[in-house]
Structure formats: structure tokens, C-alpha cells
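Worksheet for the structure shown next.
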Amino acid sequence: MLSVNHLDVRFGEKHLFKDISQRVHAGDRVGLVGVNGAGKSTLLKIMAGVSACDDGVITKSKHFSVGYLPQESSALVSDNTLYQEAESAFDEILTLQQEAEFLHDQLAEMTDHNSELFNAMIERQGELQHQLEGHDVYTIRARVEKVLLGLGFKQTDMDAPVTSFSGGWVMRLMLAKMLLVSPSLLLLDEPTNHLDLESLTWVEDFFRSCQGAMVIISHDRTFLDKITKTTWELSMGRLSVYKGNYSYYIKEKAERRIIEKGAYDNQQAKIKQTMRFVERFRAKSTKAKQVQSRVKQLDKIDMIELSDDEQQIRFTFPPAPPSGRDVLQIEGLSKSYQGRQIFSDVNLQLQRGDKVAVVGVNGAGKSTLVKIIGGQLEYDAGEIKLGHNVQLSYFGQHQAQELSPTLSALETMALSGADLTITRVRSLLGAFLFRGEEVDKKVAVLSGGEKSRLALAKMIAKPANLMLLDEPTNHLDISSQEVLQEAMAQYDGCIVVVSHNRYFLDSFINKVLLVKDGQVALYEGNVTEYLRKAALEDEEKKSPVLETIVSADASGVEHSRESKKEKRQQEAQERKERGRKLAPWKKKEEEAEKQVASLEVRKEELEALMANPDLYSDEEAWARTSKEYDQCKSHLERWYSQWEEAQEEIEAIEAD
């Protein structure tokens, strides 16, 4: 268990967060969310022991190990090959294994089995065997290769030097080492940033099978929904806990705000009523005692403060200029780089209203294709035709980093080439949260999220009916992504976007362009539908192979039938045993569900009572109702906890 106790972090007079306390238990799956700048990465660094806090302390159990993966990493200095560097995650175990093998060889050569040295070596060998138990050292190579291949490396990469890989691939290597170490708690800051769709789905499957605890920062809503079971929200310096994944958090947060607003309104009504009584009878001596009593009551009230919402970007794309039905036509496109063929004879046609997601493994050429269409790169052969009156805009993956650091946000927009008045420029910057004096901030001092917002504002300043975007959600928090998502859904032009963020894409994409092996293939539907089709195609490819193996000879078929019979018997026995284990927990789950349902009904009844201002005219009734409401919430929380415990145990038994 790791415990966060009363953490404070300040920057000058400003508190990033104040008096934060929380615990992580074995097996917890926590999504840490909040807008950019809320302090998520800072909190993770403090929990990992990488950064210090102004006040507070982090404590952890004796055998509770912690692994931390930062969002970005400095260059990895290593003379190792890819495989050697990944295998170094097991250095401690491999060293023990080497010592055990050395002792084994030495003991085999010794003849005096009564000497002190022999006995000492036997004792040490026993210690080593005890330490090595459960580590399964003989499968280390298979485990290392499984993780590396799952993260997108190729078998031919295993002997390549680490220094030959780009920063994104080095981050994958660091993630691989973290997964192989398998600490008690994984602290992961944007672990999916450098993953393509295939690697991302593999990581999701891997995480679901992991036993350790996790605290994950991610701007990929689908990823959080699949992996996490609890959500921590950092907002306005406070940490709030929600007992569910990201989608549950969004729903529960809205419900909490309604309840909070109701309690606030009730409290304000009570205060006003009390103040009217005090003002009315202040001068009457016969009412002096009651007036004093009411004043003391006001002094003792724990004031409810409404949560403030952080600012969010607000914008829509300008109307797309009208264009012809055919927007883009590519014929026979070829491109090579440093002797490597990236594309060969690519053909593609897009029409007005098409919104296309470009997917494929890293290195397949997704960004290269978009850059070529956008006129950012030359190509070797073929033809690219834009339709009638097609006006194109391009947002590159590193567009934010290419902004001039010496210019201010206002100057950047003024020099964007768009025909905008200064009022329109300021209005557009305001929609992207650059307001007041912030428009004069130099690009050099902007955060990653601020640079991305400025680059997006610069792109949409000029009207276009064909937008090309390469990873537009990088550095944008989830709420900002959803605003961009909504704007793209309403945009009436053609969109071509490279992204692996499935939730972001699914609401507006109507076609998927797969870039693979130097060719492209166009699929109808969104990304989720494409992944479903791809999975079915993979299954169909596997089936004939399996049939061939099974029908190789008659004896093989007979053996297969016998094996299936034994397997059915074994599965029946396992189901019986599983049912025996599940029974008490299912009973506990049903009882908890029953209690939760009953308490939720009563809680709603009490909230309806407390929403009635007439309740506050009767102090005794108010006190009684308020006390019952607090008890109801306490009982509800306890039964929720028992319900979650039962669910976790049921899931664990079923998984086993």
C-alpha cells in the first residue's frame, strides 16, 4: 500500500494543490484526470519519489515496490542491443541465477562434504533457490520477446543497438522494461502517447491480466474506460475520488454537482431565513436570547462552496467554402526514403463530406502520406489532384514545436496569413483560452498544451474545405479533445486525420484508411467498426490452418476427440469448483445491491425534503433530516465498498 498524506505544492503564492491525502492499495486501477496544468504529472512524480513537495509525506508498505514511467524521457544512453536492454529488467534475478549455477558447479567438484565451506555453500544455495522461486528464470527470453513484439518491435530489431531507435521507440522500450519488472504499483504518465492502434490494444490486454496496482494519466478516454476502476480528479487544487472508470466519473460528477447545488441552495435559503429573523427581532429585548442563538448557529455553519469549473476551449470551425463533389484523387503514388520503399502505386479517392481516420503501425507511412497530400513533402511518382475550389489546411504532428518562440500568441496569429481584424484575432485567441494579457505571452514560455491550442487556432484562422491533421490531440486534455471532437463532427468539409485516439475519432469518422506494407485500403465505418472487421478477418485466416492441422491423419482426429472429452470433463470440474467459490461472494454482492438500491431511494427522498425551504423553519425537523441524510450517505458508502469488494473477488475467481 502507498499512502499520500496532506501534500502541498506551491509555486510562489499559488497552490498547485493543497492538503491532498489518498491511498493506493494492492490491485487498484486508478485513472488520474484533470485539465492541463492541474498538477497530475507533479503528483505522480511525488508519489514516485522523483520530486519533492512543500508539505506532506508519502509512505509505503515495506515490500510495496513502485515503478514510474514519465511522459517524456531524456535520451537513453546504453551500449546494449534492444533485447539486452529489455532483459536488464531482470538483472537482479539473472545475477542470482548465475551465482546459483556457479555454486552448483563448485559443489559438484567438492569431495569433503563435512567441511564448513561445503555447509556454508549449501546454505547459500538454499537461500538462492528460495529467492529464485516463482521467478521462472528459464522463460525470461520468451517473456522479453513477447512484450517487445507486443509493443510493435520486430524480431529483426532484437539485436539492433538501442541508439538506433527514435525517441518514441525508446519510450516503448522503457514501457517494456516497466511491464517486465512488474512492480507492486505502476505510475504511468501518458503510456499510450507513442503507441499505434495495434500496440495499444495489446497493452490493454496485457494490463487487464496484470495483478499489480496502477495509477495512470492518459488523454485516451477509451483506454481509461477499459483499464481503470477508480478515477481521481485533480481540480482547483483538490483531489476528488470517483469509484468507477472515466465514463462513470463523467456521469457521477454531473450528479454530484446537482446535489452540491441543491445543498448550497438549501443552505443559502436557511441563512437568509435566519438573517431575516435576526434583523427583524434584533431590537426586541424579549427576543434577544433567540437572536443570539441564531447568530451562534450562523457562526457554526460549515459553508458549502460551489466547485468552480476550469476554463475550457470553445470554438467551431468556420464554414467550409463550397467545393466540387470530388475533393481528392491520388493515382499511382510512390515514395521512397533512403533506399526504403514507403509507398508503391497508391490509389485513393475522397469526396465532399468524407471524414477519414488514417491508421497503421508506427513507421507504416501515415504521417508521410498526409504530408505529401498537404504539399509538405515531395513524392517520387504518381499524381495528386485536388477537386474544384478545394482549399487545403494542414496541421502537422510537430506543428506546435514549429511555432516561432520569439513571437507572442497575438503576433503568431497576426502573421498566420489569414485576413482577420485584430478584434477577430483576439476573439479567436480567447476561444482557445488566451485572454487579456495572455495574448502577449511569448511562444517560448507556453506549455505543451498552450502551444497545441495556439497551433490549432492558427490553422483554423484560414477557411478550408479539406483539413489534414496529424495527431491533433497531442498535449490536449480530454475536455479540450471533446470540444475539438464536437467541432469536427459539425464541420461540413472533408477531414483526413492521423490519430490512435479511438474515442476522439469514433464520433465523427465515417471511413478508415489503413496504411500497410506500402499500400492503402479504405474501410467504411469508424475505427471501432474497423477493428471489429480486422479481428474477424484474422480469425478467418487462422481457421483453415487449424483445420489442416486437426485433419492431418485419422489417428490425430481420434486423439483430438479424446482430448476434447477430457477437456470437457475438466472444464465441468472447474465450473463446479468455481461455482463453490463464487457462491458466498455472489450472495454478498446481491445483499449489497439490495441495500444500495434501498439506500439510494431513501437518499433521493431525503434530498427532496432538503430541497424544500419550508424544512428550515422547523429546526428540529431540519436537524433530524440532516442527521439521517449523513447516516444514509455513510451506510451507502459502506455498502458500495462491500459491493465493490464482492465484484472484485468474483472477477478474480472468474479470471482464474
* Among the numbered conditions (1) closer than 28 Å to TRP202 by Cβ; (2) in contact with a Gly (Cβ under 6 Å, 6 or more places away or on another chain), tell me where LEU234 comes up short. => (1)
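Results for (1) surrounded by fewer than 17 Cβ atoms within 10 Å (Cβ to Cβ); (2) outside any loop (DSSP other than H, G, I, E, B); (3) touching a helix residue (DSSP H, G or I) at 6+ places or on another chain (Cβ under 6 Å), shown as yes or no for each residue.
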{"position": "ALA457", "(1), (2), (3)": "no, yes, yes"}
{"position": "ALA489", "(1), (2), (3)": "yes, yes, no"}
{"position": "ASP492", "(1), (2), (3)": "yes, no, no"}
{"position": "VAL512", "(1), (2), (3)": "no, yes, yes"}
* What is the number of the single condition among (1) polar (S, T, N, Q); (2) modelled with pLDDT under 80; (3) in a helix (DSSP H, G or I) that GLN481 does not meet? -> (2)
* Please name all residue pairs, on different chains or six or more residues apart, with Cβ atoms under 7 Å, provided the first residue is in the range 269-295 and is under 21 Å from ASN612 (Cα atoms) and the second residue is of a type in the set (D, E, K, R). => THR274/ARG294; PHE277/ARG294
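Does the range 91-107 contain any residue that is touching a residue at least 12 places away in the same chain (Cβ under 8 Å) and not in a helix (DSSP H, G or I)? Can you show your working first?
Within the range 91-107, the first condition is being touching a residue at least 12 places away in the same chain (Cβ under 8 Å), and the residues that meet it are 93-94, 96-97, 99-100, 103-104, 106-107.
Those left that are additionally not in a helix (DSSP H, G or I): none.
Looking through the range 91-107, none of the residues is touching a residue at least 12 places away in the same chain (Cβ under 8 Å) and not in a helix (DSSP H, G or I).
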* To do: Would you confirm whether any residue within the range 200-221 is touching a Ser or Thr at 6+ places or on another chain (Cβ under 6 Å), touching a residue at least 40 places away in the same chain (Cβ under 8 Å) and among the hydrophobic types (A, V, I, L, M, F, W, C)?
  => yes
* Scanning for something part of a strand (DSSP E or B), under 30 Å from GLN647 (Cβ atoms), not hydrophobic (A, V, I, L, M, F, W, C) and not assigned by TED's automatic domain parsing to the domain that holds VAL515, does the range 297-308 turn up at least one residue? -> no
* To do: Kindly indicate whether any position in the range 133-146 is among the basic types (Lys, Arg), surrounded by fewer than 11 Cβ atoms within 10 Å (Cβ to Cβ) and free of Cβ contacts under 8 Å to residues at least 24 places away in the same chain.
  => no
* Among (1) at pLDDT 80 or above; (2) among the hydrophobic types (A, V, I, L, M, F, W, C); (3) surrounded by 12 or more Cβ atoms within 10 Å (Cβ to Cβ), the one test that ALA100 misses -> (1)
* Pick from the range 606-648, criterion touching a residue at least 12 places away in the same chain (Cβ under 8 Å) and of a type in the set (Gly, Ala, Ser), ranking: surrounded by the most Cβ atoms within 10 Å (Cβ to Cβ) -> ALA646
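VAL439 - would you say it is outside the structural domain of THR222 (by TED's automatic domain parsing), within 25 Å of the chain's Cα centre (by Cα) and of a type outside the set (Ser, Thr, Tyr)? Quick ask: steps written out before the conclusion?
Working: outside the structural domain of THR222 (by TED's automatic domain parsing): yes; within 25 Å of the chain's Cα centre (by Cα): no; of a type outside the set (Ser, Thr, Tyr): yes.
Criteria not met by VAL439.
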* Asked: Looking at the range 108-129, which of its residues are among the aliphatic types (A, V, I, L, M), in a helix (DSSP H, G or I) and touching a helix residue (DSSP H, G or I) at 6+ places or on another chain (Cβ under 8 Å)?
  -> MET121, ILE122, LEU128
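Before we move on, is MET174 over 30 Å from LEU2 (Cα atoms) and of a type outside the set (Ser, Thr, Tyr)?
Values: over 30 Å from LEU2 (Cα atoms): no; of a type outside the set (Ser, Thr, Tyr): yes.
Judged against the criteria, MET174 is not a match.
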* Asked: Restricting the first residue to the range 332-358 and requiring it to be closer than 13 Å to LYS516 by Cα and in contact (Cβ under 8 Å) with a residue 60 or more places away in the chain, which pairs with a second residue that is crowded, with 18+ Cβ neighbours inside 10 Å and among the basic types (Lys, Arg) meet a Cβ separation below 9 Å and a spacing of at least six or different chains?
  -> GLN341/LYS335; ILE342/LYS335; PHE343/LYS335; SER344/LYS335; VAL346/LYS335; VAL358/LYS366
* Taking only the range 321-364 into account, find how many residues are not in a strand (DSSP E or B) and not small (Gly, Ala, Ser). => 8
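Return yes or no: is PHE17 at pLDDT below 90, closer than 20 Å to MET214 by Cβ, outside any helix (DSSP H, G or I) and of a type outside the set (Gly, Ala, Ser)?
Values: at pLDDT below 90: yes; closer than 20 Å to MET214 by Cβ: no; outside any helix (DSSP H, G or I): yes; of a type outside the set (Gly, Ala, Ser): yes.
The answer is no for PHE17.
Scan the range 405-455 for residues that are of a type outside the set (Gly, Ala, Ser) and in a loop (DSSP other than H, G, I, E, B) and report the count. Please lay out each step first, then the result.
Residues of the range 405-455 of a type outside the set (Gly, Ala, Ser): 405-407, 410-413, 415, 419-426, 428-429, 432-435, 437-443, 445-446, 450-451, 453-454.
From the residues that got through so far, the ones that are in a loop (DSSP other than H, G, I, E, B) too are 405-407, 415, 419-421, 432-435, 441, 446.
Here the count works out to 13.
The values are calculated or read from the model by the stated rules, or taken from the named source; none is laboratory data. As the structure is a computational prediction, the values presented were derived from the model and not from experiment. FYI the Cβ positions are ideal-geometry reconstructions off the backbone, even for glycines, and counts take in every protein chain you see.
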